[in-house]
Structures are given as C-alpha cells and as structure tokens.
Amino acid sequence: MVRFRGLHIVAGIVAMGVAAVLGSIMGLNNTAVFTSSCAAYVAVSMWAESRLSRRRGTAPGPIQMPPQMTDPMTLDGTPDQAPRREGNAA
C-alpha cells in the first residue's frame, strides 16, 4: 500500500484557492490576488508539513555541532597553521 505524502501540498492549494476568492471579493487587482494566494500557499503548506511531521514522529532532533576551537594557535604550533599577520597595521 502506497501512502500519500503530499497532504501539505493539497492544503496549500486549498488555501491558495480560498485566498484568491477572498481577494477577488475584496476587490484587489490581479497582482495582489496572486501575491496573497502565493503567500497563503507557502504559509499553509509549511505549517501543515511541520504539523504532519510532528504527528508522524519523524521530526529530526537538534543538530549536534562539534566543539569549535577559539584559539588557532592551540592546534600544534606548526607555522603553516598559524594565522598570518601581514598587511597594513594602521
């Protein structure tokens, strides 16, 4: 059985249609109707995707970043790894 994974896209298309109808009723010009419809599509599809992924339990956890070195001279002291201090020291 194949599961349909595009429910967030369908929700975005429905929101786009609703926004287009509301924009036309409000008397907006075509550019404003299209822009508001696209904004509604993106907002609703992103919201629905996040809600669906939370419900499925497939949301990735926080990314573990490796510790960063603050002092470049603590590597091993070789000259090719030391920072260069060339240029105008004004």
Efficiency of FRET from Cβ geometry, Ala32 and Leu7, R₀ 22 Å, rounded to 0.05: 0.20
Rank Arg56, Arg3 by accessible area, highest first, at a 1.4 Å probe radius? Arg3, Arg56
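The values are calculated or read from the model by the stated rules, or taken from the named source; none is laboratory data. Remember, it's a predicted structure, so these values are computed and weren't measured experimentally. Cβ atoms come from the backbone with ideal geometry, glycine included; neighbour counts cover every protein chain shown. For the accessible areas, the whole protein counts, side chains as well, though only heavy atoms, and no ligand, DNA or RNA atoms are used. Shrake-Rupley method; radii C 1.70, N 1.55, O 1.52, S 1.80 Å.
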